[in-house]
């Protein structure tokens, strides 16, 4: 099945992660609050893991499950970190960045 990375650890992340795990998908949670993400992964079980916030998600599908204002921050932070890593490790890889708003 598919690996799904969910950025967030609130109600939406819980609902999405629970349903996806129930249908056999591997779930990775990424959150600024690692303890909350770990508690959520433990609650869901079925191999759910916790990734490092801001690192490259392991999932084939990435879902941003945070409030709108948080989504802008997540997008910028993640894009800047990915861009820094990809430019130092793989100069041919293109990186999308979040729009300024």
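Values quoted throughout were computed directly from the atomic coordinates according to the rules given, and no laboratory measurement underlies them. Treat the numbers as computed from the prediction; the structure is a model and nothing was measured. Cβ coordinates were reconstructed from backbone atoms using ideal geometry, including for glycine residues, and neighbour counts include every protein chain displayed.
Odds and ends about this structure:
- Fewest-first ordering of 28, 73 by other beta carbons within 10 Å of each residue's beta carbon gives 73, 28.
- Estimated at 0.36 nm per residue, the fully extended path between residue 22 and residue 71 surpasses their Cα-Cα distance by 15.0 nm.
- Extension gain (nm, one decimal) between residue 11 and residue 60, 0.36 nm per residue minus Cα-Cα: 15.5 nm
- Cα pair distances exceeding 20 angstrom across the stretch 3-89, given as percent: 28 percent
- FRET efficiency for the pair residue 32 and residue 1, taken as 1/(1 + (r/R0)^6) with r the Cβ-Cβ distance and R0 = 22 Å, rounds to 0.20.
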